[in-house]
Structures are given as structure tokens and as C-alpha cells.
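**Q** This structure is in C-alpha cells; I'll ask about it shortly.
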Amino acid sequence: MSAPVDNAEYQPQLIEKQAQGFWDAQRAYEVNEQSAQPKYYCLSMLPYPSGALHMGHVRNYTIGDVISRFKRMQGFNVLQPMGWDAFGLPAENAAIKNKTAPAKWTYANIAHMRSQLKSLGYAIDWSRELATCTPEYYRWEQLMFTRLYKQGIVYRKNSVVNWDPVDQTVLANEQVVDGRGWRSGALVEKREIPQWFLKITDYAQELLDGLDDLAGWPDAVKTMQRNWIGRSEGLEIRFGVDGHEDLTVFTTRPDTLMGVTYVAVAAEHPLALKAAESNPDLAAFIASCKQGGVSEAELETQEKKGAATGLYAIHPISGAKLPVWVANFVLMGYGTGAVMAVPGHDERDHEFARKYGLPITQVVAHPAWIDGVNAGRSAEDLQAFAYDPAEWKSWYSSKDNGEVYIVNSDPIPEGSTYSQAFQHVRELLEAKGAGALKVNFRLRDWGVSRQRYWGCPIPMVYCAGCGAVPVPEDQLPVRLPEDVEFAGTGSPIKTDPDWRKTVCPQCGGAAERETDTFDTFMESSWYYARYTSPGAQDLVDGRADYWLPVDQYIGGIEHAIMHLMYFRFYHKLMRDAGLVSSDEPATHLLCQGMVIADTFYRLEADGSKTWYNPAEVAIETDERGKITGATLLADGRPVLIGGTEKMSKSKNNGVDPQAMVDRFGADTVRLFSMFAAPPEQSLDWSESGVEGMARFLRRLWAQVNRHVEAGPVPGLHVAALGAEAKALRRQLHETIAKVGDDYGRRLTFNTAIAAVMELLNAASKFQPADGNDRALLQELFEAVTLLLNPITPHMAHALWQRLGNPETVLETVAFPSADPAALVRDSVALAVQVNGKLRATIEVAVNAAKDQIEALALAEPNVRKFMEGLSVKKVIVVPGKIVNIVAAP
């Protein structure tokens, strides 16, 4: 056991050093699967080793640590691991900036951030630490990929991507800013290149259905995933094209089929490319479509442009010839690369039709429109009414709620509802062999290829005779060379012929390695499982089923539809491979809010803004604490107030956690990050708030120190406690019950801290009359120490010893339990109202009779004051709550 801290003054640096040294020596948080205790797996999303912790990290990992330490005190065998999401583009950017290799920069950052995490005292099992950029980790990811390839879950196809012609790489949609690459500034092109995909769409329905079983996940996350999966039922319809293969479209609105006036195809569609061979204008338009990104958001907002192919599609019911256009809002990667256009009822189709003079036919009507027809309104009036966006858009989306009808759609019966028309069109098309019912998903297969260097090599080789061949398992891992010169233009493994050259595993002939690397979501999709099985000679071993699923997962809601979708998908892949037995990777998910802080800036002559860190600024506030003015400390001149925003480098409003730890101590930083807001809400950073938490911990230390210095205490004799002492003990055990519930069920750590603060305020006013009263304070301070242990473990470690306990908190483990007898009240406080307004509070016996309560209420001086000139008409007593006196002149 570490030596007790005997200093009267709270010294966080000394206390924390001693506690952490003790935990390290005891290997306190290393766990195994042989425990007789029930398991609990608490996991926070692994960080990217950017160089230093930020306050978002501190908040995220403190939440996880509070839960982990609480569960440990409840008797669980708790696993809380840590690792590093270490591949990715930021390391390449840093390598260019710092003229170093990405690997060297990454490993240095890991070492620094590991020391920062340790300084915060997290109960992490460091023996299970991993970094996703090491061959020891990604070897198993490569192995899984080759297995999935052999099973047909992995495939390669050409895909249209955002291509940065300067950096020579594919960009994610969010890396395209105003049509330019975020790093190079080059105009982004659409380019069709071969990419590797995982068939997540094979699991679309299961991923959707599984959301119903995730009772412990936030509804907001589940809603986002449902929308992203986007299940829809409709018809797949074939339009004949003279001299060419049929065009196939999918629609959820076959009821509007008779309103189709043209068909639009993607620039990359085979029909468009064939037509362009003899049409220079069309070829030029197709070439122009290569500019710009491929995100859905960009497609929605860009100007709608098109070119006629000169071809016509045959309407499958009416036989009408419909012009086929190439449109820049249609992509090959979405659906079939062709859409049927209904400009009468689709905003995008309508805009395009108006621009190019294409027909517009209304086939959906609102009862008001039909009433207008019956009332003899003119065609012009009806036309204007029909295309009022506030009207026709709502009609179109109303479907079958009884408010829309199908019109102008022979042979569909006039006045059919959505569902009636859907069924009628289905039967017509099925009879012709031109359509069939189909379930479609918005979700697309997961493209995992990246044209970057700092990533896991894709374990495939290309042979002139055998084609694409997976690397045999006994030749894995395919190692990424780390000692490279990286300039940022092109990938070192693409330009290194020695690395690329290899031998075909099938025929023994010359072959080349795949030079694309994996999307980093691959590494973060299964890391949680690897923690359970360190050293396993596969992705996981039998230990995984002991720990999985994760009992509590913690991370930002911004990961709802990317990481968390792939996280669930990869778990199902591992399940189907026989590696794990559970269906979902985590039973509970907590999405913590952002850390926000004030921003300050000055406008420069060129219109740009120079942002100043809050530490560089002196502020003025009003009586409510609102900032009313700010000046730069360096020159005393005013700066502008930018409001509160998420801490970021771009706004220079970040706060260095290490500086806060060095100044106030880790426990103070942990306490503030848990007290300032509930976990799921944004936390407004306030240095004065941190200082307030530091004062609270100093007061607690001083209170305990005064108690200890007063000498030994006898055993507590509860029956001998006086009324004041009994009330304090009741508050103590009410606090124990509340804090346990806040930690365990509600996950509202701020209210738990507030309850402890109230208890300590009450304790500070209690003057012990004898040894038994001092024994009550001993019980109270020991309980408070244990109640705060999940949040301020260093101080708890020291205080527990200071209070004379021979064992450590770590060994004591048990979270306090409320004494049911202490919670029994002899009396209860009742609010007293006169004509509905609160005038007094009275204390009455729990079993007091109604007439006693009325008499006490009417005798209260403040009640009598407000009863002057009035007489009692009625007294209403709500037992245990309120007395309401109804009075009148």
C-alpha cells in the first residue's frame, strides 16, 4: 500500500503521483477471464494519435472511467482497454509539414498521448493496448479480407469517385470543399477507377431489423441508421430502347408512371457512352460531367444540366416515345444509373423539364384541385395551383392518407389512391413482363479502397494469367514499409517497383501487389474485438465470447452512420465466420456532447479573421456572467466576441488538458468535465468552473483533515443519535441511493456530484456533540470518499487512508449501500399555500392527523399575515406534499 498523505494541505500533484504509482505497481486494472465476478466491458472510441489530448478526449474517457470504476466497485470484472486508430490522411499531412515519415510521427504521438492519458488516472488495462498501424494488428484484418473474398463478400468493380488530380488520390465527399480538394486546392474530377467493396448490402435488412433490439442505443442514432439504410419497396420497371438494351429503373412511386415524360441516365451509363460515339456535343457534355464531386448533397444543390441522346425509351404501358437525356444529377453508383422523370411531381425533374422545354404532366391531385375542376376553374388557374410547390410537393409525399388521388393516368382508374394505383400498375407490368416488385435500399456497398500510402495494404496481387488473387494466409501480413520518404504527391508503395513486384500464389508467375490501402474504417470496425483476445492467432479466440458484446460503448454521435454502421456490419461478418457468437457488438451506446468554448477574433484588412485563444484574452462580464467585452492581453486593445463553438484548432479556442492537469490536478479536471453538464449535452468550458471544482476538493480535503486531526472515533451507535444527527445520516443515505442511481441507471454524473456537494455543505454545519456524532462524520466522510472515487480516484485513494483504513479503495471495492432504516423519516416537510401561493413550510410527523396538520399550518406566522381580513373556506391536505388554504373576505 502506498504511504498515506499526511499533509493538511491538498496537494494534487503529490497525491496523484502516489496513487498512480501504487496502481501501476499492483497492475491494478489488468483483468482476465478467470474471474468469478460477472464481466463488464466498458469501451470508449479509440483516439486518433494527433499529437496531444484535447478536452473532447478528456470528457469521453472520463465518462468511460467513471462507469468502469463504478462497476468495479459493484463487484464486476471490468475491462476498459485503450488503443490507437493510427492510420489515415492526417499523418500524411503532418509528414509533409514536418518532413518526416508518417510512422515516426505517429509512434511519437502515441507515446506522448499515452503519457497524458496515464496522467489522468484512467483505470485502463494497458496490457491490451494496440495500434492499428502495426503488422501485429492489421495482419488479422488482411486475413479476414482474404476469407471474405473467397466467400464472395468482397468484390472489385469500377466506381466513380472524387479524384484529386494533384494529390493523385480519391477524396471522401467531406474532403471536397467548393469543388476543390481540401488539401491541394485542385479542381476535383469524377473518375472511374477500380475499387474494392464489401457487400454490406447483403446485410441491409439484418442491420435494419437489428436496430429494434438495441434498446440501450439512443433513438437519434437508430433513426439516422434507419434513414441511411433507407429500405423502400417499389417496382423495377423496364423501358425498351430501339436498337439497344432495355433501360431499367427503380421507383417507389409507380402510381405516377403515366406522368413520366422523359428518362434520364448517368453520364457513365453505357447507353450514353454509345450515343456519344456519333454525337460530339453529347460527348463534350459527358466530359464536362467529370468535373465536380459525387456526394448526394452536391448533386442536390448543383445546377441541373443535361444533353439529349437522340434516343427514345418506350413507355411500358402507353407505348409513348420518351426522350432519353443524360443528366448531371444521375450517377451510375446509385441504383441502375437511370431514372424515370415525373416533372409534374418531383422538384428536380420539374426544374430540369422547365429548363429544357420538356413536357410536364400532372397525375397526382389533391381534393382541392378536384373541387376546382368541378367548380369550373380555368385550366390556367388549375395549372398555377397544381404547381404551387407548397401544394404539389405535399400532395406527392402524402401517398395513401386519403388526401391525394391519381388523375390523367388512363388505364389507371381516375381517383385511385396511391396503394390502389401501385397495385394496378404492378399487375399491368407483371402481365407484360416489364416490371416486378422489388425491395431497394439506400445503403450502398462499402468501398474500402484508398489511394493513400499510410494505411493497411490490401492483400491482393494481380497476375496477367490468373487475375486478382488473394495473398495466402501463411504469407500475411503484407507489410507496409515504414521507413520511406513521403512528399505527399503519390504513394511511396505505388512508386516502389521492388515493393510491388511479387509472385502469383496460383501459377508462380510474375505478379504485382495491390497498391491501394484500406479505408481506415476497416481498422476501427473490429478493434473492440481484438482487445478481448490479445495475442490470439486469429482475429479473436475463445476469450471474445467471454467479453462480448461490449456492455457500454461511448463516443460522439457524429459517428452514427459511418463507424457505427460498419462496427455493426463487421461484427456480423465475424459472427458468420464463427469467431463470435453475439449478433451485435454493443448493447448500450452513450453519445457524449461536444466541449465548447468562447471564441475571440479580429478582422484583418483583407477580410480574414485572426482568432485568439481564450487564455490570451481578458473579458468583461455583466451581473449574469455574460461576456460584454474582451481585450487582448498582449496589447490591451479590443477583440471581437465570436460566441461559443466546439473547441477546434481553426477557431483557436482549445484548452490544453495537460496545462489544466499541471495547474489544478487530474481530479479537478475530471470533476469539472463531469459536473459542467450531463454527458449527452454540450459542455461549456469555463476556467472559473474549473477553479470552483478545485476549491471544492480543497474544502473536502480540509474537512476530512480537521476530522482526522480531532483524534480516533468510536464505533457508531445509530440508536443514540440525536435528531440533528439522524437528519444528517438520513441525508447521507439518501445521497448514497441517489448517487448510485445516477451512476448506474441514469448516467447523470453532474447530479451525483451536486448531491455530494449538498451533503458536504450539511456536514460542514453539523457540530458534533460527542464521540457518537464524530462516528457519524466518520461514516459520512468514508461514504463520500467512495461516492467520489469513480470521478476523483486519486483523492479517494488518499482520503481513504487518511481516514485510517488499513486497505486501499482498490481493495475495498464495494460501492456504499443505503441503509433502509436510515431512509425512514419521522417527519415530513409540507408546503403551505394560501389561495394557491406558497406562504410557508411546516414540519409534521409522518403519521400526523389531518386536523393537526391544519392547525400547524394556520398557526404559521406568515400564513396568519396573509390571512388578515380573510376567513377560511376550505383546507386541502395532500398527504406528504402540500397544504392549500382557500380563504375569502
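**Q** Towards the positive end of the charge dipole of the chain, with charges on Cβ (+1 Lys, Arg; -1 Asp, Glu), say which of ILE554, ASN835, THR621 has the farthest Cα.
**A** Farthest towards the positive end: ASN835.
**Q** Apply the Karplus curve 6.51 cos²θ - 1.76 cosθ + 1.60, θ = phi - 60°, to the phi angles in segment 693-708 and return the couplings in whole Hz, x for Gly and Pro.
**A** Listing the rounded values in order: 5, 5, 5, 4, 5, 5, 5, 4, 4, 5, 4, 5, 5, 4, 4, 5 Hz.
**Q** Below 8 Å, C-alpha to C-alpha, sequence gap of six or more: please give me the relative contact order for segment 595-646 in percent. Don't jump to the answer; show the numbers that get you there.
**A** Details: 86 pairs, mean separation 21.6, N = 52.
Reported relative contact order: 42 percent.
**Q** I need the phi-derived Karplus couplings for segment 151-162: 6.51 cos²θ - 1.76 cosθ + 1.60, θ = phi - 60°, integer Hz, Gly and Pro marked x.
**A** With the stated coefficients, segment 151-162 comes to 8, x, 7, 9, 8, 10, 8, 6, 9, 7, 10, 7 Hz.
**Q** May I have the extent of the alpha carbons of the chain along their three principal axes, as whole Å values ordered from largest to smallest?
**A** Extents along the principal axes, in whole Å: 104, 85, 63.
**Q** So how much slack lies between ALA814 and ARG27, counting 0.36 nm per residue of separation and subtracting their Cα-Cα distance, in nm?
**A** Difference between extended and current length: 281.4 nm.
**Q** Another question, if that's okay. If the chain between ASN805 and ARG699 were fully stretched, how many nm would it gain, using 0.36 nm times the residue separation less the Cα-Cα distance?
**A** Additional length available on full extension: 36.1 nm.
**Q** DSSP loop trypsin sites (Lys or Arg not before Pro) in segment 795-889 with at most 14 other Cβ atoms within 10 Å of their Cβ, which ones?
**A** Of the trypsin sites (Lys or Arg not before Pro), the ones in loops of segment 795-889 whose Cβ has at most 14 other Cβ atoms within 10 Å are ARG825, LYS881.
**Q** How long, wide and thick is segment 733-849, going by the Cα atoms along their three principal axes, in whole angstroms, largest first?
**A** 56, 38, 23
**Q** Explain nothing, just the number: dipole magnitude of segment 595-646 about its Cα centre with +1 on each Lys and Arg Cβ and -1 on each Asp and Glu Cβ, in debye rounded to the nearest 20.
**A** Numbers: 6 positive and 9 negative charges, 21 e Å.
So the magnitude is around 100 debye.
**Q** Taking every pair of Cα atoms in segment 17-108, average 1/r, invert it to obtain the Kirkwood radius, and report Rg/Rh to two decimals. Mind showing how you got there, number by number?
**A** Values: Rg = 17.0 Å, Rh = 15.6 Å.
My calculation puts Rg/Rh at 1.09.
**Q** To continue, here is another question. I need the Debye-formula profile for segment 595-646: one equal scatterer per C-alpha, no solvent, reported as log10 I(q)/I(0) at q = 0.13, 0.27, 0.28 1/Å, two decimals.
**A** Taken in order of the listed q values, log10 I(q)/I(0) reads -0.30, -1.11, -1.16.
**Q** Exceeding 18 Å between C-alpha atoms, which entries from my cross-link table qualify? They are LYS17/LYS71; LYS609/LYS651; LYS71/LYS572; LYS97/LYS651; LYS274/LYS438; LYS157/LYS305. Intermediate results must be reported in sequence, preceding the final value.
**A** Working: LYS17/LYS71 24 Å; LYS609/LYS651 9 Å; LYS71/LYS572 28 Å; LYS97/LYS651 20 Å; LYS274/LYS438 28 Å; LYS157/LYS305 27 Å.
Violating the 18 Å Cα-Cα cut-off are LYS17/LYS71; LYS71/LYS572; LYS97/LYS651; LYS274/LYS438; LYS157/LYS305.
**Q** Amide H neighbours of GLN302 under 5 Å, at least 5 residues apart or on other chains, H built in the peptide plane: list them.
**A** Excluding prolines and chain starts, which carry no amide H, there are no hits.
**Q** Same structure, new question: Using only Cα atoms, find the angle between the long axis of helix 89-98 and the longest principal axis of the chain, and express it within 0 to 90 degrees, rounded to the nearest 10.
**A** Tilt of helix 89-98: around 80 degrees.
**Q** While we're looking at this one, here's another question. Among all the aspartates and glutamates, which ones have a C-alpha under 16 Å from LYS432's C-alpha, if same-chain residues fewer than 8 places away are not counted?
**A** Result set, ordered by chain and number: GLU236, ASP246.
**Q** For VAL828 and ALA36, what is the calculated FRET efficiency with R₀ set at 45 Å and r taken between the beta-carbons, to the nearest 0.05?
**A** 0.55
**Q** Once fully extended, how much extra length lies between VAL439 and SER581, figured as 0.36 nm per residue of separation less the alpha-carbon to alpha-carbon distance?
**A** 48.2 nm
**Q** Only Cα pairs under 8 Å and at least 6 apart count here; give the relative contact order of the chain as a rounded whole percent.
**A** 14 percent.
**Q** Using the Cβ atoms and a cut-off under 15 Å, what net charge is assigned to the surroundings of ALA677, where Lys and Arg are +1 and Asp and Glu are -1?
**A** +1
**Q** To continue, here is another question. Can you tell me the FRET efficiency between MET757 and ARG624 if r is taken as the Cβ-Cβ distance and R0 is 22 Å, rounded to the nearest 0.05?
**A** According to the calculation, E is roughly 0.50.
**Q** Further, regarding this structure: For segment 204-210, take each phi angle, set θ = phi - 60°, evaluate the Karplus expression 6.51 cos²θ - 1.76 cosθ + 1.60, and give the result in whole Hz per residue in order, putting x for glycine and proline.
**A** Each residue's phi maps through the Karplus curve to give 4, 5, 5, 4, 5, 5, x Hz.
**Q** I would also like to ask the following. So, counting K/R as plus one and D/E as minus one, what does the shell of residues with Cβ under 9 Å around MET795 add up to?
**A** It works out to a net charge of -2.
**Q** Output the antiparallel fraction of DSSP beta bridges having both residues in the chain, as a percent to the nearest 5. Numbers along the way, then the final one.
**A** Working: 90 of 111 bridges.
Once the DSSP bridges in the chain are tallied, antiparallel ones form about 80 percent.
**Q** So how tilted is helix 749-765 from the main axis of the chain? Cα-based, degrees 0 to 90, rounded to 10.
**A** Tilt relative to the chain: about 10 degrees.
**Q** For the residues ASP538, ASP219, what sequence is obtained by ranking on other C-beta atoms within 10 Å, fewest first?
**A** On the way: ASP538 12, ASP219 9.
Exposure proxy ranking, most exposed first: ASP219, ASP538.
**Q** Okay, next question. Rounding to the nearest 10 and keeping the result within 0 to 90°, find how far the Cα-based axis of helix 793-802 lies from the longest principal axis of the chain.
**A** 20
**Q** While we're on this one: Given only helices, namely DSSP H runs of n ≥ 4 each adding -39500 (n - 2.57), what is the per-residue ellipticity at 222 nm of the chain, to the nearest 500 deg cm²/dmol? Provide the component values of the computation, followed by the final result.
**A** On the way: 31 runs with 330 residues, N = 889.
That comes out to -11000 deg cm²/dmol.
**Q** Averaging sequence separations of C-alpha pairs under 8 Å and six or more residues apart, then dividing by the length of segment 457-517, give the relative contact order as a whole percent.
**A** RCO, segment 457-517: 45 percent.
**Q** Which links in LYS850/LYS873; LYS850/LYS874; LYS190/LYS304; LYS726/LYS850 stretch past 22 Å when you go from one Cα to the other?
**A** In this structure, LYS726/LYS850 lie more than 22 Å apart at Cα.
Read the figures in this text as sums done on the coordinates, not as results from a lab. Remember, predicted model here, so these are calculated numbers, not experimental data. Cβ sites come from the backbone with ideal geometry, for glycine too, and all protein chains shown count toward neighbours.
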